[in-house]
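Peer 1: Okay, here's the structure, questions in a sec.
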Amino acid sequence: MWQRTEEHRDRDFAAASFAALLNLLLICLCLMGGDGVWTADWMGYPGPMDSTAASYQADVVEFTAWAGAGTTLLSLLLRCWVTAAVQLVLLGGGALFLASLPTYWNP
């Protein structure tokens, strides 16, 4: 009953690979979309402080965490164990990374 076929396993690995690329793209878009929010030196020119973006960091962290929870649950329901692990690691880690960055409001 709980045995997975070779075809199901292959689809799990393909879905995990595709999900990993999308997760990394999402994290990069969240990073680069915050012009004037992040104060980290590695971002190059951080730009002026954007007064309308005070909640940007909290919003992207919350969105990333909920996206990780939702896609992990969906992967578990479809019995795609590798995809679920990828979602937990990349989106959970991405949310923690985004939460750890200094901003003008959270130095």
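Peer 1: Pull up the stretch 53-107, narrow it to residues that are surrounded by fewer than 17 Cβ atoms within 10 Å (Cβ to Cβ) and polar (S, T, N, Q), then point me to the one that is modelled with the highest pLDDT.
Peer 2: Once the filter is applied, the top-ranked residue is Ser100.
Peer 1: Evaluate the stretch 82-100: report whether one residue or more is more than 16 Å from Ser17 (Cα to Cα) and among the β-branched types (Val, Ile, Thr). Quick ask: steps written out before the conclusion?
Peer 2: Going through the stretch 82-100, the residues more than 16 Å from Ser17 (Cα to Cα) turn out to be 92-100.
The next check asks that each one be among the β-branched types (Val, Ile, Thr); those that pass are none.
Scanning the stretch 82-100 turns up no residue that is more than 16 Å from Ser17 (Cα to Cα) and among the β-branched types (Val, Ile, Thr).
Peer 1: Taking into account only those residues within the stretch 7-52 that are more than 13 Å from Leu101 (Cα to Cα) and of a type in the set (Phe, Trp, Tyr), which is modelled with the lowest pLDDT?
Peer 2: Among residues in the stretch 7-52 that are more than 13 Å from Leu101 (Cα to Cα) and of a type in the set (Phe, Trp, Tyr), the one modelled with the lowest pLDDT is Tyr45.
The values are calculated or read from the model by the stated rules, or taken from the named source; none is laboratory data. Just so it is clear, the model here is predicted, and its values are computed rather than measured. Note that we place each Cβ from the backbone using ideal geometry, even for glycine, and neighbour counts take in every protein chain shown.
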